[in-house]
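Working notes, beginning with the structure itself.
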Amino acid sequence: MKLTQSIINRVAGIGFVTLSLISCKNDDKRIALAEKDVLIDYTEKVYPQLDTENSRWFFFSSACRPFGMVNLSPDTEINGAWGSGYRYKVDTIKGFSHIHAWQMSGVSVMPITVSKEKSENIFKDFYSKFSHEKETIKPGYHAVELEKYQIKAELTSTKRVGFHQYTFPENQQAAILFNLNTVLGPCENSGGVLEKNASNELSGTLTMEPTGRRPKPVTVYFKAILNTDISSVEKDEKTGNYLINLANNSEKVLMKLGISYTSVENATNNINEEVPHWDFDEVVSQSHTEWNDLLGRIDVKGGTEQDQRRFYTDLWHALQGRRTINDANGAYPDNTGATFRVGQLPLDENGKPKFNHFNSDSFWGAQWTINTLWGLVYPEIMHDFTQSLMQYYKDGGLIPRGPSGGNYTYVMTGASSTPFIVSAIQKGIAKDNLEEIYQALKKNHMPRGIMEKAGYEHTTFLGGGLKYYINNGYVPYPIPEKVKGIHKDGASLTMEYAYQDWTLAQLAKKLNHRDDYDYFMKRSQNYKNVFDAQVGWMRPKNVDGVWKKDFDPYQVENGFIESNGAQATWFVPQDLQGLAALMGGEEKAVEKLNNQFMEAEKLGFAAGNSHAQELHPEYSRIPVNFGNQPSIQTSFVFNQLNRPDLTQFWTRNVVKKTFSGLSPATGYNGDEDQGLMGSLAVLMKIGLFQMNGGTDENPEYQIGSPIFDEVVIKLNPEYYSNSTFTIKANNNSDANVYFNKVTLNGKAVEGYKIEQSDIIKGGELTLEMTNKANNK
């Protein structure tokens, strides 16, 4: 039996569908019966409005693809990186922007109607009210009605092309305003020009001006093609913006807008490659299927409906934010040198890029988040990012920790990409050119490497205090040199460098660099030099070795990066047994951390509900903060100190109080840096975690307390086995947060941990849940 095209299209729109063909014989006629068994539409469980009252420029997504160059969505606030983009409580749309990325923004358009007596202020007074009641938001799609114009605007996209569908009111002059010269999010758009190329085609460019984080300008090129003719193009000399009057609005107006960071020709090619047709619904369906396939890599059963909706929203956040910057043909912007150049990614036998190149916020904290989630569930994504980071090294001489616009930003501190790449190697995801990768990573850990730079220190190599770390065994606070840069907090830097040195040492060992292994392992013990045994906390000390006077472990920053001493003290993922010994043994360490959790619980385990509140006196003194990266590993520290019952108890409590809300007013309680906190929430809810970021020889996973009865992870057969890994939590409930028996494929698991080699073969991990703690 042939399935009709309409059935096939409906099937494609569902995502996961099982088709079984049954043949039977009746009067010598064969009848084929097609039975479709719809499984789960995971995208329906995603709640895109999560935490949008506390939004920032790159936080919100709707009409975009996973890691898409285009991230098309409405903007209700446009000025500033924080508190901008789509903010739920702001009732006015100021345009639809195509770029919402780390330190990047651009190409804002707005469909409008123009009266015959149009106001001269149309180029300024074009904002429109809207209502959430007439709005639909799903992964890959956004629809909203502009009340001022009675226009229904629908948005979707491919990876590099924004696709618009506008339904204009009858008997009104339809137009589209291109707001090319304005402040959008983190940066100013200037020099925007637009020209008509054909009866229904436009092209243009604009410059994303430098920021304090991205010090070089970036040019955006775009091509726009409409399904109707353009009657005129008007430029406003005061604003520099353009009004496109349309010849026909009797039907739906469609516009395809492709972007590129290399040329208009490549923007045009992106359109030709990705959406050569005019079927808007087909692109919506394709986007839906792509999202559904990725979200469906993890299938959960049990928990409440809200638990499942929040879980898939967390997983959705883990798959976005960091944006593709290369064109469909592999051309990409390279801003790492003295002058701009167009680079070219290597192509496969089909002429497609072997990997994608990315714009990305920092990997600071990735060791406890995307390292584990991407490495296990999305190894192909981890592979692409590893190759992209190495491309920056080949172009600019350093592996970045947060590139933007094809250049370094030096966001945050340390060599945060090292654990990410080492994890990819240890998991067998990155297999080629390991010696080259090792030497590139090693460069970052030595003088003139990225570890020597403080946050956003663009022109010098002094603010990271690396010479003191190497010569004295710690980074002093304050660092004597006066340089432009931030996060020069010596105690945190010392601990961060020590952990990252340990991860590099594991790769040195793998590649038989014995001397390097010994050297970096010795450096990894430097954390001990900022532990003050008399007070029992990590404590800053100055260049002369004098401890900071009037030390208060709950005073935020002052030697600690985006944290306080109580939170930061536990940042020793490479040697928690050594840390416990400094504290007087495991029992005392457990008691100390348990007390911190009991105090933190009173504030919901977070320093307020937004990043802006972390310095507020009411919240800043919290002993454990799951709203920012420095202490998000702490509930799993108990596992390493032989108290798995406390890991199970506190992890469940943190999930319940911090990562269970489902509204625009709540979500991540602070700093969701492009999937980091979403990934953390996913890992805590499925009950798997990697304390050292998956950087040991056979990466180890600590077992937590999953909130679902069953978790099925579909392994990628291109990297792992063509199988599934299932976690079953028998007798699971809100009360039964502990387990007293663990088996892997029927065999008892010792120590509440399993290894990478166990998981990637597929199988079943079974937990027998109970309400009684078991710390044996």
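Every read-out reported here was derived from the displayed coordinates using simple, explicitly stated rules and does not represent laboratory data. All figures in this text were calculated on a predicted structure; none of them were measured in a lab. Note that each Cβ is placed from the backbone with ideal geometry, even for glycine, and that neighbours are counted across all protein chains shown.
Structural descriptor for the chain: relative contact order 10 percent, calculated from alpha carbon pairs under 8 angstrom and at least 6 residues apart. Placing unit charges on each Cβ (+1 for Lys and Arg, -1 for Asp and Glu) gives the chain a dipole about its Cα centre, and among Leu319, Val114, Met691 the Cα reaching farthest toward its positive end belongs to Met691. Cβ crowding within 10 Å, taken as a proxy for footprinting-reagent exposure, orders Lys134, Lys714 from fewest neighbours to most as Lys134, Lys714.
A straight line joining the Cα centroids of the range 625-641 and the range 350-419 runs 24 Å.
Taking only the C-alpha atoms of the range 44-293, Rg followed by Dmax gives 16.5, 50 Å.
Amide H contacts of Thr76: Gly85, Tyr86, Arg87, Lys94, each under 5 Å away and 5 or more positions distant or on a separate chain (H built 1.01 Å from N in the peptide plane; Pro and chain starts excluded). Annotation for the range 251-316: GluC sites (Glu not before Pro) lying in DSSP loop with at most 15 further Cβ atoms inside 10 Å of their Cβ are Glu251. Cross-linked pairs Lys431/Lys509; Lys431/Lys510; Lys129/Lys152; Lys443/Lys541; Lys443/Lys482; Lys442/Lys488: Cα-Cα separations exceed 18 Å for Lys443/Lys541; Lys443/Lys482; Lys442/Lys488. Shape class for the range 662-765: oblate, because the ratio a/c of the largest to smallest gyration tensor axis (alpha-carbon atoms, square roots of eigenvalues) is 1.5 or more and b/c is at least a/b. Pairs of Cα atoms nearer than 8 Å and 6+ residues apart set the relative contact order; for the range 51-132 it is 26 percent. For the range 250-380, the square roots of the Cα gyration tensor eigenvalues, ordered a ≥ b ≥ c, give a/c of at least 1.5 with a/b no greater than b/c, which places it in the oblate category. Length gained on full extension, Asn771 to Ala581: 65.3 nm, using 0.36 nm per residue less the C-alpha separation.
Please compute the contact order of the range 44-293 in relative form: average sequence separation of alpha-carbon pairs under 8 Å and at least six residues apart, divided by the residue count, as a percent.
19 percent
Of Lys301, Lys443, the sequence from fewest to most neighbouring Cβ atoms within 10 angstrom is Lys301, Lys443. From helices alone, the chain scores -7500 deg cm²/dmol at 222 nm; the rule is -39500 (n - 2.57) for each run of n ≥ 4 DSSP H residues, then divide by the residue total.
Here the residues Glu457, Glu201, ranked from fewest to most Cβ neighbours within 10 Å of their Cβ, fall in the order Glu201, Glu457. Extension gain, Asn272 to Asp432: 0.36 nm times the residue separation minus the Cα-Cα distance gives 54.3 nm. Indicate the helices, whole DSSP H runs only, in the chain that combine a mean Kyte-Doolittle hydropathy of -0.5 or more with a Cα extent along their long axis of 27 angstrom or more. Correct list, ordered by number: 490-510.
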